[in-house]
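A.B. asks: I'd like to ask some things about the structure below.
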Amino acid sequence: MTKLKVYEYPHPVLKQKADKVSEVDDEMRALLDDMLETMYAENGCGLAAPQVGVSKRAVVIDIAREDEEPAPLYMVNPEIVWHSEETEVCEEGCLSLPAMRAEVERPAAVRIRYLDYNGKACELLAEDFLAVAAQHELDHLDGILYIDHLSRLKRQMVVKKLEKSRREKNDG
């Protein structure tokens, strides 16, 4: 497995709509494995293929805590087929916007249809933090970042903080 480069905002690949995957083959499984390794190395809980420069509809998620066994979830061509009327506000971060966080309102539960690691059709009811993580990652497949859900003013504040953080990192 290989640790991949995570592309950061405002890289254009993050704003592209990802292509549907024609089949889950060995090449796709290798990408999923590399994405999972990259996500763990970056201390993330989710990663979408566009974040590593691959415009394909694939995500990996693992919301297990440090004291829990890893529970990776591989989703190829995922789509939300239902979402609850009830919403929740949750603080989100993103490996493509390092060290930035903001509160985002999303449906509290979603039903997702996808292909698993072996190409088997699956359906999952995601609730609580898994629902947040899944919606966040699926947004990436459509070129949407969590900051796109914020008001213009809040989005500008996050982007300014990110730019300041990068300047400080480069000066230091």
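Read-outs throughout are calculated quantities, based only on the coordinates presented, and are distinct from any laboratory measurement. Please read all numbers here as calculations on a predicted model, not as lab measurements. All Cβ positions, even for glycine, are placed from backbone atoms using ideal geometry, and neighbour counts span all protein chains on display.
A.B. asks: Please give the Cα centre distance for segment 93-172 versus segment 28-71, rounded to the nearest Å.
C.D. replies: A separation of 13 Å, based on Cα centres.
A.B. asks: Taking GluC sites (Glu not before Pro) that fall in a DSSP loop and have at most 13 other Cβ atoms within 10 Å as cut points, what is the longest piece of the chain between them? Walk me through the numbers before you get to the answer.
C.D. replies: Numbers: sites that count: GLU23, GLU66, GLU68, GLU85, GLU86.
Of all site-free stretches, the longest is 87-172.
A.B. asks: Given +1 on the Cβ of Lys and Arg, -1 on the Cβ of Asp and Glu, and no further charges, what dipole in debye does the chain carry about its Cα centre, rounded to the nearest 20?
C.D. replies: Working: 23 positive and 34 negative charges, 212 e Å.
It works out to roughly 1020 debye.
A.B. asks: Over the Cα atoms of segment 78-172, what Rg and Dmax result, in angstrom?
C.D. replies: Rg and Dmax of segment 78-172, Cα atoms, are 15.6, 49 Å.
A.B. asks: For the chain, what is Rg from Cα atoms divided by 2.2 N^0.38 Å, rounded to two decimals?
C.D. replies: On the way: Rg = 15.7 Å, N = 172, 2.2 N^0.38 = 15.6 Å.
The value comes to 1.01.
A.B. asks: Additional query: Are there trypsin sites (Lys or Arg not before Pro) in segment 1-78 that DSSP marks as loop and that have at most 14 other Cβ atoms within 10 Å, and which are they? Each step should come with its number before you reach the end.
C.D. replies: Working: sites: LYS3, LYS5, LYS15, LYS17, LYS20, ARG29, LYS56, ARG57, ARG65; in loops: LYS3, LYS5, LYS17, LYS20, ARG57, ARG65.
In loop regions of segment 1-78 (DSSP not H, G, I, E or B), the sparsely surrounded trypsin sites (Lys or Arg not before Pro) are LYS3, LYS5, LYS17, LYS20, ARG65.
A.B. asks: Between the DSSP loop rule and a limit of at most 13 other Cβ atoms within 10 Å, which trypsin sites (Lys or Arg not before Pro) in segment 80-172 are left? Let's see the in-between values first.
C.D. replies: Working: sites: ARG101, ARG111, ARG113, LYS120, ARG152, LYS154, ARG155, LYS160, LYS161, LYS164, ARG166, ARG167, LYS169; in loops: LYS120.
In loop regions of segment 80-172 (DSSP not H, G, I, E or B), the sparsely surrounded trypsin sites (Lys or Arg not before Pro) are LYS120.
A.B. asks: With a ≥ b ≥ c taken as the square roots of the eigenvalues of the C-alpha gyration tensor of segment 2-45, please select rounded if a/c is under 1.5 and otherwise prolate if a/b is larger than b/c or oblate if it is not?
C.D. replies: Values: a/c = 2.53, a/b = 1.09, b/c = 2.33.
It comes out oblate by the Cα gyration axes.
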